[in-house]
Amino acid sequence: MYASSFPLLRKKYQKTLYKEFLGKENTLAEALRNARKSTEKAGEEEPVCAAYVLYSSPTLMKKDITEKQS
């Protein structure tokens with residue numbers, strides 16, 4: 001789904017990303033955007049979201065993955 005160039009990432013960003021993608025009906029791009037907004041609101045000083053690069057279709061949804069595995 002994504003790759004990171006930073007060795008250590010903020011837990012809040014990761015938790016929000018997975019919660020937004022796996023727990024809601026968001027596309028992967030929406031989940032990434034919501035995680036970035038959440039991190040900004042929390043006052044994170046480091047640009048954690050800059051470490052994530054999307055290597056997938058931005059319209060990918062959880063159901064697209066689970067339906068193919070069934």
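Using 0.36 nm per residue, how much length does the chain from Q14 to K37 gain when fully extended, once their Cα-Cα distance is taken away?
Result for the pair: 7.0 nm of gain on full extension.
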Next on the checklist: Using amide H atoms built in the peptide plane, which far-off residues or other-chain residues are under 5 Å from L60 H to H?
Outcome noted: L28, A29
Next on the checklist: Can you tell me which lysines have their Cα less than 21 Å from the Cα of K37? Leave out same-chain residues fewer than eight positions away.
Outcome noted: K11, K12, K15, K19, K24, K62
Item to check | Inter-label distance for E67 and E25, nm, one decimal - labels placed 7 Å from Cα along Cα-to-Cβ | outcome: 1.3
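No lab work stands behind these numbers, since they all come straight from the coordinates. In this text the structure is predicted, and so the values were computed from the model without any measurement. Reconstructed Cβ throughout: ideal geometry from the backbone, glycine too, with neighbour counts over all protein chains shown.
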